[in-house]
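Each value in this text was obtained by applying a stated rule to the coordinates, not by laboratory testing. The structure displayed is predicted, hence computed values, not measured ones. Glycine also receives a Cβ, built like all others from the backbone with ideal geometry; neighbour counts cover every protein chain displayed.
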Amino acid sequence: MTDPDRATLLDQLLRHVREELATGVPPEQITPDAPLLEMGVLDSVRTARLLAHIRTAHGVRVPPAHMTGDHFRTPAAITDLVLRLRSQTAAP
């Protein structure tokens, strides 16, 4: 099975955030560059749920050192983090 490319992964993460995590935020406002922390979409519980989703759906564990506001600022930033971590674990 091939890894999804960036656009596909971003779409999958956007769909998950819109359908599973957003609380009262209209789905159309959750764009690739939406500030999830500032919008209140991510809090500690929803971030934990997102981390579990990333681990189960995409096979990537996010180390504690990477659990920062910069990495979780937007869906695009989360996508880039997942791709970076995936490539690190795939490297010999």
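Per-residue counts of other Cβ atoms within 10 Å, averaged by peptide: what ranking do you get for 51-59, 34-42, highest first?
34-42, 51-59
Output the peptides 69-82, 16-29 sorted from most to least packed, where packing is the average of other Cβ atoms within 10 Å over each peptide's residues.
Order by mean packing, descending: 69-82, 16-29.
Could you check the spin-label model distance between residue 43 and residue 67? Points 7 Å from the Cα along Cα→Cβ, value in nm.
1.7 nm
By how many degrees, between 0 and 90 and to the nearest 10, does the Cα long axis of helix 44-58 differ from the longest principal axis of the chain?
40 degrees
Take residue 76 and residue 55, extend 7 Å from each Cα along the Cα→Cβ direction, and tell me the distance between the two endpoints in nm.
Once both label points are built, they end up 2.9 nm from each other.
So what's the angle, to the nearest 10 degrees on a 0 to 90 scale, between helix 6-16 and the longest Cα principal axis of the chain?
On a 0 to 90 degree scale, this one is about 40.
Which entry is the computed mean projected area of the Cα convex hull in nm² for this structure: [x] 6.8; [y] 5.9; [z] 7.4?
The listed entry that was calculated here is [y].
What list of ³J(HN,Hα) couplings, whole Hz, do you get for region 68-76 from phi and the Karplus terms 6.51, -1.76, 1.60, once you set θ to phi - 60° and write x for glycine and proline?
Here the 3J(HN,Hα) series is 10, x, 4, 6, 10, 5, 9, x, 5 Hz.
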